[in-house]
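One structure below.
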Amino acid sequence: TNITNRSLMQLAFGCPNIKTLSVQGCYQITDSGLEDLCNGCKMLEVVNLRRCRNITNDAVKCLAVNLKNLRCLDLYSCHRITDVALGYLANSSSGIKELVLGNCPKVTDVGIVYLAKGCRSIERLDLFR
């Protein structure tokens, strides 16, 4: 789709109570757009970033730090995500319950150990390829 960071900025200011957002396959979205979203939409519980190619560990850090209600995060095929992002989630105070990491080739055993130690509330973890 042609959704860009500008749309996320508008959502952040216009829809602060949004709880679920799916921007699956929105290739133009970057960390900057997600930062705006995190600063404005603090009630987000479900975020689907599936196949958002330009998302990096910095975006996950922003989600982990700012979204205390985050319960479900889908990072399927976000190829720039690494173990560092999982460390951010593990060290946050969010009660994340569902995490999708399928087809994230830079996630290794190290990241899974971070989750095992810090994300005790996880009920569903997808690591499929």
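The values are calculated or read from the model by the stated rules, or taken from the named source; none is laboratory data. Every value quoted in this text rests on a predicted model; they were computed, and no experiment measured them. Because the Cβ atoms are built from the backbone with ideal geometry, glycine has one as well, and the counts that use them run over all protein chains shown. When the accessible area is computed, the model is the full protein with side chains, heavy atoms only, and any ligands, DNA or RNA have been set aside. Shrake-Rupley method; radii C 1.70, N 1.55, O 1.52, S 1.80 Å.
If each residue of separation counts as 0.36 nm, what is the full-extension length gain between Ser32 and Leu127 once their alpha-carbon separation is subtracted? All intermediate terms of the calculation are to be shown ahead of the outcome.
Numbers: separation 95, 0.36 × 95 = 34.20 nm, distance 2.64 nm.
Taking Ser32 through Leu127 to full extension adds about 31.6 nm, to one decimal.
At 1.4 Å probe radius, can you tell me the per residue accessible area of the chain in Å²?
Working: 6520 Å² over 129 residues.
Per residue, the chain has an accessible area of 51 Å².
If one takes the longest principal axis of the Cα atoms in the chain, at what angle in degrees, from 0 to 90 and to the nearest 10, does the Cα axis of helix 5-14 lie?
The angle comes out at about 70 degrees.
What are the extents of the Cα atoms of the chain along their three principal axes, in Å, largest first?
38, 26, 20
For the chain, what does the helix formula give at 222 nm: sum of -39500 (n - 2.57) over DSSP H segments with n ≥ 4, over the residue count, nearest 500 deg cm²/dmol? Show your work: numbers first, answer last.
Working: 5 runs with 49 residues, N = 129.
Taking each H run of at least 4 residues, the total per residue is -11000 deg cm²/dmol.
Under the 0.36 nm per residue contour assumption, what length would be gained going from the current alpha-carbon distance of Ile112 and Phe13 to full extension? Please list the in-between numbers first.
Working: separation 99, 0.36 × 99 = 35.64 nm, distance 3.48 nm.
Using 0.36 nm per residue and subtracting the Cα-Cα distance, I get 32.2 nm.
So, in nm, how far is label Glu98 from label Asn39 when the simple model puts each one 7 Å beyond its Cα toward the Cβ?
Here the modelled spin labels are 3.0 nm apart.
Under a 10 Å cutoff between Cα atoms, tell me which one of Thr30, Thr82, Thr20 has the largest fluctuation in the Gaussian network model of the chain.
Thr20
For the stretch 42-48, take each phi angle, set θ = phi - 60°, evaluate the Karplus expression 6.51 cos²θ - 1.76 cosθ + 1.60, and give the result in whole Hz per residue in order, putting x for glycine and proline.
Result, ordered by residue: 5, 8, 4, 10, 10, 10, 10 Hz.
Over the heavy atoms of Lys61, what accessible area does a 1.4 Å probe trace out, to the nearest 10 Å²?
Accessible area of Lys61: about 90 Å².
May I ask for the percentage of alpha-carbon pairs in the stretch 19-58 that lie more than 11 Å from each other?
On the way: 496 of 780 pairs.
For the stretch 19-58, the share of Cα pairs beyond 11 Å comes to 64 percent.
So which chymotrypsin sites (Phe, Trp or Tyr not before Pro) in the stretch 26-128 end up in coil per DSSP with only 12 or fewer other C-beta atoms within 10 Å? Spell out each step's value before the answer.
Values: sites: Tyr27, Tyr76, Tyr88, Tyr114, Phe128; in loops: Tyr27, Tyr76, Phe128.
Of the chymotrypsin sites (Phe, Trp or Tyr not before Pro), the ones in loops of the stretch 26-128 whose Cβ has at most 12 other Cβ atoms within 10 Å are Phe128.
Mean-square fluctuation check for the chain, GNM, Cα pairs under 10 Å: which of Ala116, Ala90, Ala64 is largest?
Ala116
Would the stretch 44-97 count as rounded, prolate or oblate if I go by the C-alpha gyration tensor, calling it rounded below 1.5 in a/c and otherwise prolate when a/b exceeds b/c, oblate otherwise?
Numbers: a/c = 1.99, a/b = 1.35, b/c = 1.47.
Oblate is the answer for the stretch 44-97, as a/c is 1.5 or above yet b/c matches or exceeds a/b.
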